[in-house]
Amino acid sequence: MTTTIVDAPFDGADGVRLRTDMGAELMERFSDVQEREPVEPTAENVDAFVVARDAAGTAVGCGALRVLEDGTAEVKRMYVAPEARGTGTSTAILRALEDRARDRGVTTVQMATTVRQPDAVRFYEREGYRRIESFGPYPVHPLGVYLTREI
């Protein structure tokens, strides 16, 4: 599958649809968890947002980048639609976000995921991310998996 990564508005139709699909998928895994993340990403606090398009131009994935106060950046809302998984789309989105981080002078990228997303943890570790205790606004949580990579 040919994937094209484009910059897009966080609150644009494609981003809203993809993040809504992601939220529905996550609700299945986390219906018993009541906590919310410390800082919800919004159009105002996200520094970059990308959308992956397939050969037909359909938006099949997305990801956001937020630069933190300490000069690191955090990957947020990375999602690939089920029909595009296993095609390299996730790697293309992640590399595009790392490029956006470099463009902003960032040398360390971090993210938070959970033990209930073992596929995501495996993906990030395969892409060179290593586990850390926590970072930024995230307190250590029993379900949390926190990852970082120097870029």
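Just so you know, all these numbers are worked out from the coordinates, no wet-lab data involved. As the structure is a computational prediction, the values presented were derived from the model and not from experiment. No Cβ is skipped: glycine too gets one built from the backbone with ideal geometry, and neighbour counts run over all protein chains shown.
With θ set to phi - 60°, apply the Karplus curve 6.51 cos²θ - 1.76 cosθ + 1.60 along segment 8-16 and write out the HN-Hα couplings as whole Hz, x wherever there is a Gly or Pro.
So the Karplus estimates, Gly and Pro as x, are 8, x, 4, 9, x, 4, 5, x, 4 Hz.
Enumerate by residue number the trypsin sites (Lys or Arg not before Pro) in segment 20-109 meeting two conditions: DSSP loop (anything except H, G, I, E, B), and at most 15 other Cβ atoms within 10 Å of the site's Cβ.
36, 85, 104
If we count GluC sites (Glu not before Pro) as exposed when they sit in a DSSP loop and have at most 12 other beta carbons within 10 Å, what is the longest stretch of the chain that avoids them all?
By the stated rule (loop sites, at most 12 other Cβ atoms within 10 Å), 70-132.
Under the 0.36 nm per residue contour assumption, what length would be gained going from the current alpha-carbon distance of residue 151 and residue 134 to full extension?
4.3 nm
Considering the chain, what Rg and Dmax in Å follow from its alpha-carbon atoms?
Rg then Dmax for the chain, in Å: 14.5, 42.
Give me the dipole magnitude in Debye, nearest 20, for segment 4-150 about the Cα centre, with unit charges on the beta carbon: positive for Lys and Arg, negative for Asp and Glu.
Computed about the Cα centre, the dipole is about 340 debye.
In segment 4-150, if the dipole is taken from +1 on Lys/Arg beta carbons and -1 on Asp/Glu beta carbons about the Cα centre, which of 8, 39, 59 is farthest to the positive end?
Farthest towards the positive pole: 59.
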